[in-house]
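The values are calculated or read from the model by the stated rules, or taken from the named source; none is laboratory data. All values reported here derive from a predicted model rather than from experimental measurement. When we count neighbours, we look across all protein chains shown, and the Cβ atoms used for this are built from the backbone with ideal geometry, even at glycine.
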Amino acid sequence: MTIPSLMKKVVMLIFFGVAVLKAGFTFSQGDTQLWLTYNNQTRISEKWGYTFDVNYRTYGFFPFFSTLAAGRVGGSYLVNERMRVTGGYAWFGTYVSDFDIKWLPEHRLWQQAQWMIPKSKFQLVHRFRLEQRYRQELLKYPSSKYSYAYATRARYMIQFQGLLLPPKTPDGFQLSWQAANEIMFQSGDVISNQLFNQNRTLAGLVISPNRKFDLAILYQLIMQYQPVLARGEDIQSIRLTAFHVLDYRRKRL
């Protein structure tokens, strides 16, 4: 099967999945959001590395209002140059403006496997991630004001990236397109027994001054199930991600 025909099949599958979700849930229009992310991926040896990212999200643009801040860190083991497994810890804080606290925290343990298929002008990435989520929640009629809830979430992402403007030198400027879809299922939520959690569809441009730094400018459509409201919500957002790659391996003479 050729890459173009594979792409067509995957795009059709994504559109079919989104259509099924639309038919299965009642979705209301949610906030327009801005997502800002810095993602670092560092190699320290032939087999080991680490990764971390920091995130800030808002709703609205001018003016914008804080909704979430987050940090994630993990250690990576490279099975080979195409596949790596990673595990770590993440902290997420949801902004709560109507109470005497500013951030409602969530603690996560996470594990993932990522498989990349590189081509000369095209790249395909599969990512599987498991998350153990410990979320502090506000209760309506609690004996104490806060309570922690536990849930397990499984995520699968498929991402395509291809060259629009190839580099003139090995480390030169290049411009790429990127498209991705990620679906998430959750179990163990005390509020809802609904397995579907989120679907994210992304598309946009990636600006690469060199092979160490990328800036992705993406449009993102999130279809998210809200258990408190017992219905789905559409969230449209602009996602700006700075991706930084470092390599501290000793160079061979």
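Worth a mention:
- The set of residues from the range 72-89 being touching a residue at least 24 places away in the same chain (Cβ under 8 Å) and not polar (S, T, N, Q) comprises ARG72, GLY74, GLY75, TYR77, LEU78, ARG82, MET83, ARG84, VAL85, GLY87, GLY88.
- Among (1) more than 27 Å from PHE213 (Cα to Cα); (2) touching a Phe, Trp or Tyr at 6+ places or on another chain (Cβ under 9 Å); (3) at pLDDT below 85 - the single one ASP100 does not satisfy: (2)
- Residue list for the range 179-201, filter: surrounded by 13 or more Cβ atoms within 10 Å (Cβ to Cβ), more than 19 Å from GLN112 (Cβ to Cβ) and not hydrophobic (A, V, I, L, M, F, W, C): ASP189, SER192, GLN194, THR201
- Tallying residues that are in contact with a Gly (Cβ under 6 Å, 6 or more places away or on another chain) and more than 18 Å from GLN114 (Cβ to Cβ) within the range 45-62 yields 1.
- Conditions (1) at pLDDT below 95; (2) over 24 Å from SER187 (Cβ atoms); (3) of a type outside the set (Gly, Ala, Ser): number failed by LYS140: (2)
- Boolean, GLY93 is at pLDDT below 60, closer than 22 Å to ASN197 by Cα and surrounded by 12 or more Cβ atoms within 10 Å (Cβ to Cβ): no
- The range 29-62 - residue that is in a loop (DSSP other than H, G, I, E, B), among the hydrophobic types (A, V, I, L, M, F, W, C) and out of contact with any Phe, Trp or Tyr (no Cβ under 6 Å at 6 or more places or on another chain) and, of those, nearest to SER76 (Cα to Cα): PHE61
- Residue in the range 149-158 that is within 21 Å of TRP110 (Cβ to Cβ), small (Gly, Ala, Ser) and modelled with pLDDT under 95 present: yes
- The range 63-77, residues that are buried (at least 17 other Cβ atoms within 10 Å of the Cβ) and of a type outside the set (Gly, Ala, Ser): THR67, LEU68, ARG72
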